[in-house]
Amino acid sequence: MRLFFTLSCYLLGLPFLSGQVVEHVNGTVVTEKQYTDIQGNPYLFNGWRKGEVTLTGNEKFTGLNLKYDQVNDEVLYEGKGGNDYHFAKQVVAFSIVADDGESASYRNGFGAYEKLGNNAFYQVLYDGKVKFLRKEVKTIVERIVYGSANANKLVQRSERYFIKLEGKTLAEVKRDRKSLLAFLGPEKSGDLGAFIDREKLKFKSDEDVIKLLQYFEGM
């Protein structure tokens, strides 16, 4: 029966399904070699990770092997022969499995901010009426080795936080009490400050910011 099913798929020109859906993605192979002789990881994770993407036109693909190139701010997928491929269409959102086994969600389209264009990807930490976003940026820098004429190429990492309110432009905040209260408005700082004290929020974690934003939305 299995042989018959396989042969039928072949004759009909259909993909053979073996426990998962086979999806076809259009793209082009990455031919340039960008990251040679560097120290550090230019990608979000080492190696391929399972994930899904949404392209312009709301075209969605699941079960792909993905890489997130944080230097070029681009999502790549594993194509033929295990090669890196560019998507043919613009990626507007993607999720990728993190080290803890949970999916981390990323999206663009929040508007430009300084050198970050509208297509820049942000990790969506909270997705209510208020959006709480994290932007991890990686750049390649060169440092001269003492006593040598050669320079080492290093991956330099920085992290920034943003909040997007409905009808407002993207705003950068710090993950601390003063910055968050100043952004959310002086007219509500009394109630919000009392909530921070009551819940003993220290903002050492993203979860503390999310708790504050959830309370802010319910006011």
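The values are calculated or read from the model by the stated rules, or taken from the named source; none is laboratory data. Given the structure is predicted, the values throughout are model-derived calculations rather than measurements. Cβ atoms come from the backbone with ideal geometry, glycine included; neighbour counts cover every protein chain shown. Areas reflect the complete protein model, heavy atoms only, side chains present, ligands, DNA and RNA absent. Shrake-Rupley method; radii C 1.70, N 1.55, O 1.52, S 1.80 Å.
Summing charges over neighbours of V29, with a neighbour being any other residue whose Cβ is under 15 Å away from its Cβ, gives -2 when K and R count +1 and D and E count -1. L165 sits among other residues whose Cβ lies under 9 Å from its own Cβ, and their net charge, with Lys and Arg +1 and Asp and Glu -1, is +3.
Looking at the chain, the accessible area is 62 square angstrom per residue; that uses a 1.4 Å probe and ignores ligands, DNA and RNA. Annotation note: GluC sites (Glu not before Pro) in segment 113-219 located in DSSP loop regions with a Cβ neighbour count of at most 14 within 10 Å are E114, E166. Applying the criteria of a DSSP loop state and at most 11 other Cβ atoms within 10 Å to the chymotrypsin sites (Phe, Trp or Tyr not before Pro) of segment 126-182 yields Y146. Of the whole protein surface, S103 contributes about 80 Å² of accessible area at a 1.4 Å probe radius. Heavy-atom accessible area, probed at 1.4 angstrom with all protein chains present, ranks V130, V155 as V155, V130, highest first. In the assembled protein chains, H86 presents an accessible area of approximately 40 Å² (probe radius 1.4 Å).
Here the chain exposes an accessible surface that is 50 percent carbon and sulfur, computed with a 1.4 Å probe and the other protein chains kept in place.
Bridges between two residues of the chain, per DSSP, are antiparallel at a rate of about 95%. Taking 45 Å as R0, compute the FRET efficiency from the Cβ-Cβ separation of K188 and E74 and round it to 0.05. My answer for the efficiency is 0.70.
Shown are D37, D100, whose ranking by accessible area with a 1.4 Å probe and every protein chain present, most to least, is D37, D100. For the set F203, F45, F183, the ranking by accessible area, highest first and with no ligand, DNA or RNA atoms included, is F183, F45, F203 under a 1.4 Å probe.
With contacts taken as Cα pairs under 8 Å and at least 6 residues apart, segment 93-219 reaches a relative contact order of 16 percent.
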